[in-house]
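The values are calculated or read from the model by the stated rules, or taken from the named source; none is laboratory data. Just so we're clear, the structure is a prediction, and the values are computed from it rather than from any experiment. Neighbour counts are summed over all protein chains in view; Cβ atoms, including those assigned to glycine, are modelled from backbone coordinates with ideal geometry.
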Amino acid sequence: MVRRTIALSVLVEVPRIKGSRFVARLAPVSDVAAARAFVADVHERFPDATHHAAAWRFGPDERHADDDGEVGGTAGPPLLARLDGQSLEGVVMVVSRWYGGTKLGKGGLVRAYGGAASAAVAEATIVEERVRTRVSVRCAHALVGPLEGVAGRFEGETVVDWQPPPTMHVDVPVEHAAALLDALRERAAGRVEVVQAPQGYNNA
């Protein structure tokens, strides 16, 4: 499974619109907690801004948009629409507005926030990356080596916690996770304890 995301954070300031200043920030983030922390940091660092509209996306079913006090639907949703349009995942966007003294109206706000968001996306370096997940098993010390070999066949990257009994943590492409766990159990003749498995895996 491959997802589209961005390589590095982006900051773009667009030309002022009727005196209002708009600054867009777009960043890669690992999860919703990191996205919330990014938004909170922008609020903290720029308390003088009138609004900090925000959106994040971690796939089609994990999306969020916040108008932060602007007229409903005029700020956060235009940001999210730009993320949806590029199918970006694992990203958060904040567009900060400093009010310039002239109201923009609903249509003007949608165009202003959407334009700032589009400018940020245009500046970003979009990359495609494999989606990985972590599986973890506990096993006897003597099994660690053989099981690392099995993990390698599934493109797994292994870290071992040697605190007895050893626990193997394997970061693996999500599409290989279930098959990897089955192969680990088969190689160990069932003598492994599955500590972390992908959602829906049958651990019976």
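Of the residues Thr158, Thr133, only one is over 30 Å from His52 (Cβ atoms), without any contact (Cβ under 8 Å) to a residue 24 or more places away in the chain and polar (S, T, N, Q); which?
None of the other options fit; the residue is Thr158.
With touching a residue at least 40 places away in the same chain (Cβ under 8 Å) and among the acidic types (Asp, Glu) as the only criterion, which of Glu123, Glu186 stands out?
Only one candidate passes the filter, namely Glu123.
List the number of the failed condition for Ser30; all other conditions in (1) of a type in the set (Ser, Thr, Tyr); (2) under 30 Å from Glu155 (Cα atoms); (3) modelled with pLDDT of 95 or more hold.
Ser30 satisfies all of (1) of a type in the set (Ser, Thr, Tyr); (2) under 30 Å from Glu155 (Cα atoms); (3) modelled with pLDDT of 95 or more except (3).
When you scan segment 114-123, do you find a residue that is assigned to a helix (DSSP H, G or I), under 30 Å from Asp171 (Cα atoms), in contact with a Leu (Cβ under 8 Å, 6 or more places away or on another chain) and of a type in the set (A, V, I, L, M), even just one?
The answer is yes; a qualifying residue exists.
Can you tell me which residue among Glu148, Glu129 is modelled with pLDDT under 95, touching a Ser or Thr at 6+ places or on another chain (Cβ under 8 Å) and either surrounded by fewer than 17 Cβ atoms within 10 Å (Cβ to Cβ) or not in a loop (DSSP other than H, G, I, E, B) (or both)?
Result: Glu129 is the single residue among Glu148, Glu129 that is modelled with pLDDT under 95, touching a Ser or Thr at 6+ places or on another chain (Cβ under 8 Å) and either surrounded by fewer than 17 Cβ atoms within 10 Å (Cβ to Cβ) or not in a loop (DSSP other than H, G, I, E, B) (or both).
Out of (1) touching a Gly at 6+ places or on another chain (Cβ under 8 Å); (2) under 19 Å from Ala122 (Cβ atoms); (3) of a type in the set (A, V, I, L, M, F, W, C), what's the single condition that is false for Leu26?
So Leu26 meets the others, but not (1).
Can you name the residue in segment 90-105 that is on the phi < 0 side of the Ramachandran plot and surrounded by fewer than 22 Cβ atoms within 10 Å (Cβ to Cβ) and, of all such residues, is nearest to the chain's Cα centre (by Cα)?
Restricting to residues being on the phi < 0 side of the Ramachandran plot and surrounded by fewer than 22 Cβ atoms within 10 Å (Cβ to Cβ), the top hit is Trp98.
Kindly establish whether Glu44 is closer than 10 Å to Val95 by Cα, assigned by TED's automatic domain parsing to the domain that holds Ala119 and exposed (fewer than 15 other Cβ atoms within 10 Å of the Cβ).
So Glu44 does not fit the description; no.
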